[in-house]
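Undergrad: Starting off with a structure, shown below.
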């Protein structure tokens, strides 16, 4: 049984990714830590606890950082809706959030269980970077970290060069990338093209007639419209679930290689850009495994299994 800690700015695609982890027979979700990003930290906590209750799970949810390190938070309501869940107006969860801050929870969990817990990050890396600033040994305690973030092929979704999670808090992202933590970088582009959910895929998921499948598709209704109208995708591009699919089943990654990666901090044009040294022109040792493509059929099959 693998043990996951999920750090998330819980909005509609995060919600589906969390459902996938909780439904997986070989994974136990130990904790969810929440960070500001797609929505405020407070709303992300509400959404995370809603998903935990939906899945009938008993998983503690820890409130984390409410803003990026140096910059004002810019939420993604244009993609996920004001509540992050497609403005579906779901009832508030009954489960309270934990009193302990997410950063403290991360440090306690990984120190207590070194090399036993897998970290999956679905939002800006503010919580993780803050924890590393307090205790750099966190990088050695994490068994592996799957980071949903970046655009290794340099096609951003919030600027021409940057993916949202990296762009929101690039300083935190750079801190994590330079920490020595074992990282697999899973960019938003993995959810595009054949990996996007077509109308047929969406209808097949709805036909499962489970509450999870219905909510998963309903809460992403605004994301579907934005995927098509704004980003020009053929269907619903779900970046966080695609990243979670690789974390759950690493064989879904069909093209990946190790490289040195930095995050751009200073330029207006390239803020948050993940600069991948593919040709090793810097001579610096790799600090991440960068995933370039996934098996679309396998990822969609995993999603169906999770929502059935």
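Undergrad: Condition first: surrounded by 15 or more Cβ atoms within 10 Å (Cβ to Cβ) and touching a strand residue (DSSP E or B) at 6+ places or on another chain (Cβ under 7 Å). Can you find one or more residues in the range 208-217 that meet it?
TA: No, the range 208-217 contains no residue that is surrounded by 15 or more Cβ atoms within 10 Å (Cβ to Cβ) and touching a strand residue (DSSP E or B) at 6+ places or on another chain (Cβ under 7 Å).
Undergrad: Same structure, new question: When both residues are 6+ apart or on different chains and their Cβ atoms are under 8 Å apart, which pairs have a first residue that lies in the range 192-215 and is farther than 25 Å from residue 163 by Cβ, and a second that is at pLDDT below 95 and not in a helix (DSSP H, G or I)?
TA: From the range 192-215, the pairs are 199/235.
Undergrad: If we scan the range 225-236, do we find a residue that is touching a helix residue (DSSP H, G or I) at 6+ places or on another chain (Cβ under 8 Å), without any contact (Cβ under 8 Å) to a residue 40 or more places away in the chain, closer than 15 Å to residue 16 by Cα and not in a loop (DSSP other than H, G, I, E, B)?
TA: Checked against the condition, which is being touching a helix residue (DSSP H, G or I) at 6+ places or on another chain (Cβ under 8 Å), without any contact (Cβ under 8 Å) to a residue 40 or more places away in the chain, closer than 15 Å to residue 16 by Cα and not in a loop (DSSP other than H, G, I, E, B), the range 225-236 yields no hits at all.
Undergrad: Against the definition (modelled with pLDDT of 95 or more, within 23 Å of residue 126 (Cα to Cα) and part of a helix (DSSP H, G or I)), how does residue 31 come out, yes or no? Can you show your working first?
TA: Values: modelled with pLDDT of 95 or more: yes; within 23 Å of residue 126 (Cα to Cα): yes; part of a helix (DSSP H, G or I): no.
Here the answer is no, as residue 31 does not meet what is asked.
Undergrad: Out of the residues in the range 49-66 that are more than 15 Å from residue 212 (Cβ to Cβ) and either in contact (Cβ under 8 Å) with a residue 40 or more places away in the chain or assigned to a strand (DSSP E or B) (or both), state the one that is farthest from the chain's Cα centre (by Cα).
TA: 60
Undergrad: Within the range 165-188, which residues are closer than 17 Å to residue 242 by Cα and surrounded by fewer than 24 Cβ atoms within 10 Å (Cβ to Cβ)?
TA: 184
Undergrad: Output the number of residues of the range 283-300 satisfying the condition of being surrounded by 11 or more Cβ atoms within 10 Å (Cβ to Cβ) and part of a loop (DSSP other than H, G, I, E, B).
TA: 4
The values are calculated or read from the model by the stated rules, or taken from the named source; none is laboratory data. Here the structure is a predicted model, which is why all the values come from computation and not from measurement. Heads up, the Cβs are rebuilt from the backbone with ideal geometry, glycines too, and the neighbour counts pull from every protein chain shown.
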